[in-house]
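Shown next, in structure tokens, is the structure this report addresses.
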Amino acid sequence: MATNKHAMIRYQALDKCFGNPGRKYFLEDLMDACSKAIEDFTGSAVSVSKRQIFEDIKFMESAQGWSIELDKVKDGRRVFYRYLDRKYSINNRLLNEQEENQVKEALLTLSRFKGMPQFEWVEEMLLRLESSFHLKGSTDKIIEFEQNPYLRGLEYLSILFDAILYRQSLVIDYKGFKQVKKTSFHFHPYYLKAYNNRWFVFGCQEQSDHLTNLALDRILNVRSGKMKYKPNDVVNFDDYFEDTVGVTMATDAKPAQVLIEVARSYWPYIETKPIHGSQKVKRVKKDSVLIELYVHLNYEFKTLLFSFGENIKILQPEALAQELLEKAIKLIKHYR
């Protein structure tokens, strides 16, 4: 394998040539395509030799590369190159042997953190990568993680992450669910959070000191901003979300004490998957369990409670119980 810095650029250029059904690529054409690709990327003119092309093809055909199958077709005294399978591309194959070894090394490093405080995510990450890349040697699917493959906005995740990491302001085009037209504004991103298979970014708009959150699936475009980055000197996000289910919270909101009576038959589900970290058992009866929570009464929390249906009863606060009752009445009217 060629180890110089242009190797991957050449592989990608060759892959496009081999997969192009509308043109015959002879050796000289492959040399020109690779030279042009390098010049386009680096801005410097580079001449790729015949020997280099032959070495690249040899590597791409090897198990260490992508095990490509080339059709070397004679045309008079010359030969042109194309994939046997016209739909094949090295980008369609997950990993070659070298890349797989690199991933395994990374996984080995991550595995050292398993079981350590604040590294709970490592266990799931290891399983996700091993399953996705079949690193355990099995091609049969044996595990599936909750995800939404149709979710919009994920293409902005890495851009937002880098902006937070390198403290860069952004200009965001956004259209909320209730907005008729899009709005554009300068935004200073501070924090990314996933909830219920959706991603949200927290930060401040240029003319405001109030924290706001944007759903990534409502973002239309993101580009670099010219405004000086306004750092987050106020919010500690660990504390910010301590009393919250989900991502929304009014500026002046305060957590409230919530008393819930849970049907005994349903209690194992809520016991093993608590509604919130503050959940405590106050009383156990034959037919029910009384629990106490200390949490913000936001949209996500109310939606979660409503999803439990007849299995729970809100005892306190009375206003929350009344709100859920009104929702239930509206629901019943839909089916009458």
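Structure above, values below:
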| item | result |
| --- | --- |
| Subset of the stretch 168-223 (residues that are of a type in the set (Phe, Trp, Tyr) and at positive phi) | none |
| Qualifying residue in the stretch 233-256 (condition: farther than 28 Å from residue 293 by Cα and out of contact with any helix residue (DSSP H, G or I) (no Cβ under 7 Å at 6 or more places or on another chain)) | yes |
| Filter result (without any contact (Cβ under 8 Å) to a residue 40 or more places away in the chain and over 18 Å from residue 33 (Cβ atoms)) within the stretch 63-86 | 63, 67, 69, 74, 76, 77, 84, 85 |
| Selection count, the stretch 204-228, where residues are surrounded by 15 or more Cβ atoms within 10 Å (Cβ to Cβ) and either without any contact (Cβ under 8 Å) to a residue 24 or more places away in the chain or more than 14 Å from residue 172 (Cβ to Cβ) (or both) | 2 |
| Any hit, the stretch 198-213, residues being over 17 Å from the mean Cα position of the chain (by Cα), under 18 Å from residue 176 (Cβ atoms) and small (Gly, Ala, Ser) | yes |
| Any hit, the stretch 232-252, residues being surrounded by 11 or more Cβ atoms within 10 Å (Cβ to Cβ) and touching a Gly at 6+ places or on another chain (Cβ under 6 Å) | no |
| Pick from the stretch 271-284, criterion among the basic types (Lys, Arg) and under 22 Å from residue 238 (Cα atoms), ranking: nearest to the chain's Cα centre (by Cα) | 273 |
| Filtered residue count, the stretch 31-72, keeping only those that are surrounded by 12 or more Cβ atoms within 10 Å (Cβ to Cβ) and in a strand (DSSP E or B) | 2 |
| Residue check, residue 273 of a type in the set (D, E, K, R) and either farther than 27 Å from residue 197 by Cα or surrounded by 15 or more Cβ atoms within 10 Å (Cβ to Cβ) (or both) | no |
| Enumeration of residues in the stretch 13-28 that are buried (at least 17 other Cβ atoms within 10 Å of the Cβ), part of a helix (DSSP H, G or I) and in contact (Cβ under 8 Å) with a residue 40 or more places away in the chain | 14, 15, 17, 18 |
| Residues being closer than 24 Å to residue 209 by Cβ, surrounded by 14 or more Cβ atoms within 10 Å (Cβ to Cβ) and in contact with a helix residue (DSSP H, G or I) (Cβ under 8 Å, 6 or more places away or on another chain) - total across the stretch 157-192 | 9 |
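Let's see how each residue does on (1) more than 31 Å from the chain's Cα centre (by Cα); (2) β-branched (Val, Ile, Thr); (3) at negative phi:
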{"position": "230", "(1), (2), (3)": "no, no, yes"}
{"position": "259", "(1), (2), (3)": "yes, no, yes"}
{"position": "264", "(1), (2), (3)": "yes, no, yes"}
{"position": "286", "(1), (2), (3)": "yes, no, yes"}
{"position": "301", "(1), (2), (3)": "no, no, yes"}
{"position": "319", "(1), (2), (3)": "yes, no, yes"}
{"position": "332", "(1), (2), (3)": "yes, yes, yes"}
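Where a number appears in this text, it was derived from the coordinates with a stated rule and is not lab data. On a predicted model such as this, the values are computed, not experimentally measured, just so you know. Positions of Cβ are generated from backbone atoms using ideal geometry, with glycine treated the same way; all protein chains shown enter the neighbour counts.
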